[in-house]
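These notes are about the structure you will find just below.
The values are calculated or read from the model by the stated rules, or taken from the named source; none is laboratory data. Quick caveat, the model's predicted, so the values are computed rather than measured. In this analysis, Cβ positions are derived from the backbone assuming ideal geometry, glycine residues included, and neighbour counts consider all displayed protein chains. Side chains are part of the model used for accessible areas, which takes the heavy atoms of the whole protein and leaves out ligands, DNA and RNA. Shrake-Rupley method; radii C 1.70, N 1.55, O 1.52, S 1.80 Å.
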Amino acid sequence: MAAVTLKDVRKAFGATEVVHGVGISIQDGEFCVLVGPSGCGKSTLLRMIAGLEEITAGEIAIGGRVVNDIAPKERDIAMVFQNYALYPHMTVFDNMGFSLKLAGVARQEMHKRVSDAAGILGLDELLQRYPRQLSGGQRQRVAMGRAIVRKPQVFLFDEPLSNLDAKLRVAMRTEIKELHQRLRTTAVYVTHDQIEAMTMADKIVVMNAGNVEQIGTPLDLYDNPANQFVAGFIGSPAMNFVPGRVNGDIIDLGQGVSLPSIPGLKLQSGAELVLGVRPEHLAVSDGGLRAEVVVVEPTGADTQIFCKLAGHDINAVVRERHAFRPGEAVHFKPQLVYAFDSASGARLA
């Protein structure tokens, strides 16, 4: 096991810089998730840690050793890819043991490591099958087993669940988290799915356009987003955003809808801002913010109410069951409101 440290890491393709001075400190044994929209630089960053992509500037250290100029095979890392990358002509056993064979590990030791990994991942009965005879979930387990047998200092996961169906993704999410709790090996995991990030990570790094927007624990990012991007990206369903203008001791949302000023918010009258409210923080009430119902979606456990509030789309998630009809008026009482600067997106209150 080892800590991973990135200092002012940059990556440019020609004159175009795609990763802009990223600094991250991942502790020994920590499960760190890099999350963000497609094209934000998270996979490029992972490939630079692995040595599959050269860094343009900065420093990457694994276990205290700077690895900028060290070949991937000498970095003591193991990578699990999105597409499994299994050898189709080899059995599960041979796929899992191939790296050990190349490294000259004794056959008895190789058998032991492969058997131990197969036991952990529930692959004991599948060792003589070929990849074509396996389901997507089983192939992903083999890919993880191939990484485990090497006993690396760091596991690197590049969107390993994106090719699986929704139900299997949930099951594999739990298995990977349980595996990490058992092995306690440092892990860096890339995904664009914030649910995966929230449920699996010890630490989340939110990336956008090659920059780190915020680093923290899942609940810290959820409760205390640093800016509008993080607030909108973390949480499902996503946070609602409505622009407003400070007018004395109220915030005017337009179309005759207003909200009392937020405690601690110190802005001059006339200042523009963006208010954010999570769907689960909107409670149906007799008075409060008036909205017009567009669609109601009962899911059993809760009800999602899609509305128009001051001309803007919002979504409320409530535990009670309601029979609202499209066009009907509904009133909401916000339980928690965030305020963001309309120009920079930085959080105000």
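Just to be sure I understand the curve: with the Debye formula and one point per C-alpha of segment 193-263, what is log10 I(q)/I(0) at q = 0.15 Å⁻¹?
Computed log10 I(q)/I(0) values: -0.61.
Report the rotationally averaged projected area of segment 212-252 based on its alpha-carbon convex hull, in square nanometres.
Spelled out: convex hull of the Cα atoms, projected over all directions, averaged, 3.7 nm².
Take every Cα-Cα distance within segment 21-65, group them into 10 Å bins from 0 onward, and report for each bin the whole-number percent of pairs it holds.
Per 10 Å bin, starting at 0, the Cα pair percentages come out as 22, 60, 18, 0.
What is the calculated FRET efficiency for residue 290 to residue 8, with r their C-beta to C-beta distance and R₀ = 41 Å, to the nearest 0.05?
After rounding, the FRET efficiency stands at 0.25.
Report, as a whole number in µm² per second, the diffusion coefficient that Stokes-Einstein gives for segment 155-226 at 10 °C and 1.306 mPa s using the Kirkwood radius over alpha carbon pairs.
Reported coefficient: 122 µm²/s.
In bins 5 Å wide, starting from 0, what share of all Cα pairs of segment 26-145 does each bin hold, as a percent?
Reading upward from the zero bin: 2, 10, 16, 18, 17, 16, 13, 6, 2, 0.
Whenever you get a sec, compute what percent of the accessible area on segment 169-323 sits on carbon and sulfur atoms (1.4 Å probe).
50
For segment 267-349, what's the relative contact order in percent, using C-alpha pairs closer than 8 Å and at least 6 residues apart?
The normalised contact order for segment 267-349 reaches 39 percent.
Dividing the convex hull volume of the Cα atoms of the chain by its residue count, what figure in Å³ per residue is obtained?
Convex hull volume per residue, Cα atoms: 167 Å³.
So what's the projected area for segment 86-135, the Cα convex hull averaged over all directions, in nm²?
With every direction weighted equally, the projected area is 3.4 nm².
Within segment 163-203, find all residues whose amide N lies under 13 Å from a label point positioned 7 Å from the Cα of residue 116 along Cα-to-beta-carbon.
Only 183-184 pass the distance filter.
Calculate for the chain the 222 nm mean residue ellipticity that helices alone would give, adding -39,500 (n - 2.57) per DSSP H run of length 4 or more and normalising by residue count, nearest 500 deg cm²/dmol.
-7500 deg cm²/dmol
In segment 191-349, with Lys and Arg counted as +1 and Asp and Glu as -1 at Cβ, which of these residues, 237, 247, 200, has the Cα nearest the positive end of the dipole, that is, farthest along it?
Farthest towards the positive pole: 247.
Tally Lys/Arg at +1 and Asp/Glu at -1 over every other residue whose Cβ is under 12 Å from the Cβ of residue 44; what's the total?
It works out to a net charge of 0.
Provide the net charge surrounding residue 83, with neighbours chosen by a C-beta distance below 13 Å and charges set as Lys +1, Arg +1, Asp -1, Glu -1.
For residues surrounding residue 83, the net value is -1.
Size of the dipole of segment 157-245 about the Cα centre, Lys and Arg at +1 and Asp and Glu at -1 on the beta carbon, nothing else charged, in debye to 20?
120
When N is the residue count of segment 117-238, what does its C-alpha Rg come to as a fraction of 2.2 N^0.38 Å?
Relative to the 2.2 N^0.38 Å estimate, segment 117-238 comes out at 1.18.
When every alpha-carbon pair in segment 261-349 is counted, what percent end up more than 17 Å apart?
52
Given the peptides 166-179, 46-59, arrange them by the average over their residues of other C-beta atoms within 10 Å, most packed first.
Answer by packing, highest mean first, reads 46-59, 166-179.
So, counting K/R as plus one and D/E as minus one, what does the shell of residues with Cβ under 14 Å around residue 18 add up to?
+1
Find the accessible area per residue for segment 287-328; the probe is 1.4 Å, ligands and nucleic acids are left out, and the unit is Å².
58
Under a 10 Å cutoff between Cα atoms, tell me which one of 153, 268, 194 has the largest fluctuation in the Gaussian network model of the chain.
268
Taking the Cα centre of segment 170-315 as origin, work out the dipole magnitude from +1 charges on Lys and Arg Cβ and -1 charges on Asp and Glu Cβ, in debye rounded to 20.
280
Per residue, how much accessible area does segment 1-136 show when a 1.4 Å probe rolls over the protein heavy atoms, in square angstrom?
49
On a full-extension model of 0.36 nm per residue, what is the gain between residue 184 and residue 220, subtracting their alpha-carbon distance, rounded to one decimal in nm?
Between residue 184 and residue 220, full extension yields an extra 10.7 nm.
Give, rounded to the nearest 20 debye, the magnitude of the charge dipole that segment 15-128 has about its Cα centre when Lys and Arg contribute +1 at Cβ and Asp and Glu contribute -1 at Cβ.
Result for segment 15-128 is approximately 200 debye, rounded to the nearest 20.
Filter the cross-link list 177/203; 42/203; 73/101; 7/42; 11/42; 11/151 down to pairs whose alpha-carbon distance in this structure exceeds 20 Å.
In this structure, 11/151 exceed 20 Å between Cα atoms.
By how many nm would the segment from residue 130 to residue 297 lengthen if fully extended, with 0.36 nm per residue of separation less the alpha-carbon distance?
55.7 nm
Probe 1.4 Å, all protein chains in place: accessible area of residue 344 in Å², nearest 10?
90
With θ taken as phi - 60° and the coefficients 6.51, -1.76 and 1.60, list the Karplus ³J(HN,Hα) couplings across segment 138-153 in order, rounded to whole Hz; mark glycine and proline as x.
5, 4, 5, 5, 4, 4, 5, x, 4, 6, 4, 4, 6, 6, x, 6
Report, ordered by chain and residue number, the aspartates and glutamates lying within cross-link reach of residue 333, taken as a straight Cα distance under 14 Å and ignoring same-chain residues fewer than 8 apart.
Partners within reach: 280, 286.
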